[in-house]
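Data first, discussion second: the structure below is written as structure tokens.
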């Protein structure tokens, strides 16, 4: 019996050792398989918005560094696929793109939940079925008003009508004011149809709109620090699961719910901000590649070169992992039906919505000055000096009849400028 026990013990130790050895060999083989697949591959960072925005900036940043952490060290190229608020890119990744782990995509975080919140839309993608690689940061969006408008807080917005700028019906700039009108008694009119955030901000400056919702605190710090220094804006609400530590006095959207159902609805709208800059891929990617990319993503978040460039660009890095993002998305897609129905009813309402009326005019004038980046030009319109912003891809610039970069615009040039008015974005600038 004793000899039998010794033999069994010896056999057990040998079996365990063999199992460990086998598992290690499988892991090694999988790593080799992943490396073989990605060696000499070119991967795509697909951005579901136009060049120059925040998501584009984060996507290109990740693409410059993540390849070093993937077995096989593939290269990355960026590709922009704007359209329908990100739904075009979402549909492409979910239904068209190759399911081999060669695409990392990013787009506006709310877009993943559009098929959930707007069931009538043509694009029907269950985002819980996508492959999630992680998010570079958490987002703390705010609603702001231009200080000169004399709307300082939610109380002011509940006493008289204000005007908020937005891009379209599914944008956060439309959704949040709609919800606030319903549960907080605000009286916001929503003007849709602005091409992007830049145009909304210019409209705020010239008094065309009172403010907007959807401007992240990190974006304010990185791109609009002068607004804070010069006290040009008020922040009247922020939304996320917690308050940003630097905004303790700005009300939290989540706290405005008057009953349990409203609080669940506000959670549904707030939780996506936990993955402020999400990266995902197609369904059906082989599991060994999924794990390799999820690990590589988080390794990139600790990469000194990546972090140094992030600091240089003034972009926030506060990552969550791929499995954590997948868990968050799955939880939101399992929201109780009655809560979802309440949100859908509010969002389907057209109350307070208006379409922006665009009215361009062309003036012939001499440029009186430009700023250093040539992103703003100044000229005389009748007897008043006015200015117009020059968008990188949104303004067509020509000099001598030929397409030209905006850096060629100089004081003293005679130009035909098509724009909407002082502090608007120029549509065309044609200089002699």
Residue 256: crowded, with 17+ Cβ neighbours inside 10 Å, over 22 Å from the mean Cα position of the chain (by Cα) and not assigned by TED's automatic domain parsing to the domain that holds residue 114, yes or no? yes
Among the residues of region 59-97, the number that are in contact with a strand residue (DSSP E or B) (Cβ under 8 Å, 6 or more places away or on another chain), under 17 Å from residue 294 (Cα atoms) and part of a helix (DSSP H, G or I) is 5
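Residue by residue, here is whether (1) in the same structural domain as residue 288 (by TED's automatic domain parsing); (2) surrounded by fewer than 23 Cβ atoms within 10 Å (Cβ to Cβ) holds:
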site	(1), (2)
74	yes, yes
97	yes, yes
107	yes, no
149	no, yes
Counting only helices (runs of 4 or more DSSP H) wholly inside region 250-314, the ones holding at least 3 residues that are more than 30 Å from residue 239 (Cβ to Cβ) are 287-300, 304-313
Discussion item. Considering only region 279-294, I want to know if a residue exists there that is free of Cβ contacts under 8 Å to residues at least 24 places away in the same chain, surrounded by fewer than 17 Cβ atoms within 10 Å (Cβ to Cβ), outside the structural domain of residue 218 (by TED's automatic domain parsing) and closer than 22 Å to residue 125 by Cβ.
Written reply: yes
Restricted to region 363-372 and to residues being loosely packed, with under 14 Cβ neighbours inside 10 Å and in contact (Cβ under 8 Å) with a residue 24 or more places away in the chain, the residue nearest to residue 306 (Cα to Cα) is 369
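Evaluate the following for residue 331: is it touching a residue at least 40 places away in the same chain (Cβ under 8 Å), within 23 Å of the chain's Cα centre (by Cα), exposed (fewer than 14 other Cβ atoms within 10 Å of the Cβ) and more than 25 Å from residue 420 (Cβ to Cβ)?
yes
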When region 36-53 is checked residue by residue, the ones that are farther than 13 Å from residue 82 by Cβ and not in a loop (DSSP other than H, G, I, E, B) are 36, 37, 38, 42, 43, 44, 45
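Looking at 251, 245, 195, which one is out of contact with any helix residue (DSSP H, G or I) (no Cβ under 8 Å at 6 or more places or on another chain) and touching a residue at least 60 places away in the same chain (Cβ under 8 Å)?
195
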So, first residue at positive phi and not assigned by TED's automatic domain parsing to the domain that holds residue 265 in region 340-354, second residue outside any loop (DSSP other than H, G, I, E, B) and surrounded by fewer than 17 Cβ atoms within 10 Å (Cβ to Cβ), Cβ within less than 7 Å, six or more apart or across chains; the pairs are 352/189
If you go through region 36-51 one residue at a time, do you hit one that is more than 24 Å from residue 137 (Cα to Cα) and in contact with a helix residue (DSSP H, G or I) (Cβ under 9 Å, 6 or more places away or on another chain)? yes
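Are any residues in region 225-237 out of contact with any helix residue (DSSP H, G or I) (no Cβ under 7 Å at 6 or more places or on another chain) and either without any contact (Cβ under 8 Å) to a residue 12 or more places away in the chain or under 19 Å from residue 110 (Cα atoms) (or both), and if so, which ones? Spell out the reasoning first.
Quick first cut of region 225-237, residues out of contact with any helix residue (DSSP H, G or I) (no Cβ under 7 Å at 6 or more places or on another chain) only: 225-226, 229-230, 235.
225, 226, 229, 230, listed by residue number.
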Going through region 379-432 in order, the residues found to be exposed (fewer than 14 other Cβ atoms within 10 Å of the Cβ) and part of a strand (DSSP E or B) are 380, 384, 385, 402, 403, 414
Kindly evaluate residue 392 against the criterion of being out of contact with any strand residue (DSSP E or B) (no Cβ under 7 Å at 6 or more places or on another chain) and more than 30 Å from residue 56 (Cα to Cα).
no
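The values are calculated or read from the model by the stated rules, or taken from the named source; none is laboratory data. Every value quoted in this text rests on a predicted model; they were computed, and no experiment measured them. Cβ: placed from backbone, ideal geometry, glycine included. Neighbour counts: every protein chain shown.
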